[in-house]
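The values are calculated or read from the model by the stated rules, or taken from the named source; none is laboratory data. Quick caveat, the model's predicted, so the values are computed rather than measured. Because the Cβ atoms are built from the backbone with ideal geometry, glycine has one as well, and the counts that use them run over all protein chains shown.
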Amino acid sequence: MKRLRICILGATGIVGQHFIRILHDHPFFEIVAVTASPCSEGLEFGKATDWMISGSIPPDVSNMVVQETQLGKILKVDPDIIFSALPSGVALDIESDLARAGLPVFSNAAAHRMEETVPILIPEVNPEHLKLVNYQDYGDGFIITNSNCSTSGLVMVLRPLIEYGIRNITVTTFQAVSGAGRTGVASMDILNNVIPFISREEEKIANETCKILGHLENGRVVSAPFDMNASCARVPVLDGHLESVVIEFEAPVNAETATKTMSGYTGEPQALKLPTAPPRPLITMYEQDRPQPKRDLTLSEPELGMAVRVGRIRAHQNRLNMFLLVHNTIRGAAGASVLNAEFARAKGVLK
Ligand SMILES: NC(=O)c1ccc[n+]([C@@H]2O[C@H](COP(=O)([O-])OP(=O)(O)OC[C@H]3O[C@@H](n4cnc5c(N)ncnc54)[C@H](OP(=O)(O)O)[C@@H]3O)[C@@H](O)[C@H]2O)c1
């Protein structure tokens with residue numbers, strides 16, 4: 001089967017590197033071009049990037065010349081699909097221009113996430129939101145986003161619990177430094193420290209969670225009416241966002257029942273056996289001190305960093321308390337985007 005030609009925007013950053021790692025030998029996709037900022041343009045990828053993730057740069061990508069992130073230059077390489085790992089401010093115009101030029105754009109940036117007809121797609125959670133692309137004004141092209149890295153783990157845990165009647169959600173995050181990008185947090189600030197503020201993160205978690213868990217009406221999302229309360233902190237951990245979640249329900253909930261509901265949950269990506277889908281999206285843990293970023297983020301088969309770990313599940317009257325752990329640059333970023341593209345292809349939206 002012919003593989004679709006892909007161009008990765010912002011390929012030299014942390015999320016871009018994970019895109020390359022996941023996509024360089026993907027059964028459906030073939031990397032034909034990589035772009036970055038003017039500082040990297042014209043250099044071979046291997047010289048332009050500071051490779052920070054496990055494994056080596058695939059040799060075929062290492063020799064690619066980094067292109068300018070500019071419409072005409074990108075169209076010249078004749079891609080079938082765009083994966084974007086650009087900073088939000090840079091992503092806004094170029095992603096729209098590429099979609100208008102007829103290309104499907106799978107984006108990690110926040111720039112278009114809250115637009116009415118742009119889905120924040122997590123195929124295990126809101127597969128029906130894929131239909132929103134039919135209401136976009138981009139002709140043959142479209143934009144599909146994945147969520148903010150903390151939101152991705154949270155909505156995956158909330159989705160199977162909705163049947164118990166959620167009233168409100170309080171989440172406190174302990175977020176890894178890789179969430180801020182390759183040059184995001186100065187070591188002088190984060191070593192031996194915890195920073196109880198991440199710019200715009202709390203608003204993003206609240207708004208995105210309600211949009212993702214909302215329902216479709218006339219080609220628009222009606223956000224879920226949950227009362228959300230988020231507090232975010234940056235911690236001196238390399239990868240993996242840990243989140244303390246407290247959910248209040250309309251009636252008392254049993255911890256054992258909720259644990260079974262979460263661990264048995266699967267969605268369309270599992271039924272379709274998509275290459276990047278983990279067999280079990282939620283892995284519940286019974287040890288009293290887990291999950292932990294250092295011990296429980298696994299990039300190996302069968303999870304590939306795409307499952308969310310949940311532990312310390314405790315019930316108290318109408319409340320359920322738990323900790324979840326999500327790989328922020330994989331399930332919360334590059335892996336999420338690749339899964340979206342696999343899902344769109346399986347549903348015939350990506351041809
Ligand atoms: N890190 C995470 O956990 C995570 C999770 C979810 C979503 N996201 C989102 O994903 C996107 C990428 O994040 P990241 O962590 O990979 O950031 P990053 O490590 O800082 O990488 C940014 C990339 O964008 C390129 N870039 C910067 N300015 C540019 C410009 N003016 N024109 C063209 N390219 C430019 C950089 O190229 P140079 O190398 O040449 O500077 C680099 O390739 C962001 O929108 C972020 O919010 C990140």
Somewhere in segment 272-284, is a residue crowded, with 18+ Cβ neighbours inside 10 Å, under 25 Å from residue 6 (Cβ atoms) and within 16 Å of the ligand (Cβ to nearest atom)? yes
Do we have residue 315 as more than 17 Å from the chain's Cα centre (by Cα), surrounded by 18 or more Cβ atoms within 10 Å (Cβ to Cβ), small (Gly, Ala, Ser) and not assigned by TED's automatic domain parsing to the domain that holds residue 142 here? yes
Is it fair to say residue 191 is in contact (Cβ under 8 Å) with a residue 24 or more places away in the chain, among the hydrophobic types (A, V, I, L, M, F, W, C) and either surrounded by fewer than 12 Cβ atoms within 10 Å (Cβ to Cβ) or on the phi > 0 side of the Ramachandran plot (or both)? yes
Could you please find all residues in segment 32-57 being over 30 Å from residue 346 (Cα atoms) and surrounded by 19 or more Cβ atoms within 10 Å (Cβ to Cβ)? 40, 45, 48, 49
Flagged in segment 51-93 as under 24 Å from residue 22 (Cβ atoms), part of a helix (DSSP H, G or I) and within 20 Å of the chain's Cα centre (by Cα), in numbering order, are 88, 90, 91
Test set (1) modelled with pLDDT under 95; (2) crowded, with 20+ Cβ neighbours inside 10 Å; (3) of a type outside the set (D, E, K, R) - residue 29 fails condition number: (1)
Pull out all pairs, ordered by first then second residue, where Cβ-Cβ is under 6 Å, the residues are six or more apart or on different chains, the first lies in segment 7-28 and is under 20 Å from residue 327 (Cα atoms), and the second is within 13 Å of the ligand (Cβ to nearest atom) and of a type in the set (Lys, Arg). 13/182; 14/182
Tally up the residues in segment 318-341 that are more than 14 Å from the chain's Cα centre (by Cα) and either of a type in the set (A, V, I, L, M, F, W, C) or surrounded by 24 or more Cβ atoms within 10 Å (Cβ to Cβ) (or both), please. 4
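Every residue, every condition in (1) closer than 19 Å to residue 328 by Cβ; (2) outside any strand (DSSP E or B); (3) of a type in the set (Gly, Ala, Ser); (4) in contact with a Gly (Cβ under 8 Å, 6 or more places away or on another chain), yes or no:
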{"site": "225", "(1), (2), (3), (4)": "no, yes, no, no"}
{"site": "229", "(1), (2), (3), (4)": "no, no, no, no"}
{"site": "232", "(1), (2), (3), (4)": "yes, no, no, no"}
{"site": "237", "(1), (2), (3), (4)": "yes, yes, no, no"}
{"site": "245", "(1), (2), (3), (4)": "yes, no, no, no"}
{"site": "253", "(1), (2), (3), (4)": "no, yes, no, no"}
Only one of 46, 10, 55 is at pLDDT 95 or above and more than 8 Å from the ligand (Cβ to nearest atom); which? 46
Restricting to segment 13-37, name every residue that is of a type outside the set (Val, Ile, Thr) and away from the ligand (no atom under 14 Å from the Cβ). 23, 24, 25, 26, 27, 28, 29, 30
Given segment 264-351, what strands (runs of 3 or more DSSP E) lie entirely inside it while holding 1 or more residues that are in contact with a strand residue (DSSP E or B) (Cβ under 6 Å, 6 or more places away or on another chain), over 19 Å from residue 152 (Cα atoms) and at pLDDT 95 or above? 308-316, 319-326
Counting only residues that are closer than 16 Å to residue 33 by Cβ, crowded, with 24+ Cβ neighbours inside 10 Å and within 16 Å of the ligand (Cβ to nearest atom), how many does segment 73-124 have? 9
Are any residues in segment 151-184 near the ligand (Cβ under 9 Å from one of its atoms) and in contact with a Cys (Cβ under 7 Å, 6 or more places away or on another chain), and if so, which ones? 175, 179
Of everything in segment 58-72 that's away from the ligand (no atom under 11 Å from the Cβ) and under 13 Å from residue 98 (Cβ atoms), which residue is surrounded by the most Cβ atoms within 10 Å (Cβ to Cβ)? 71
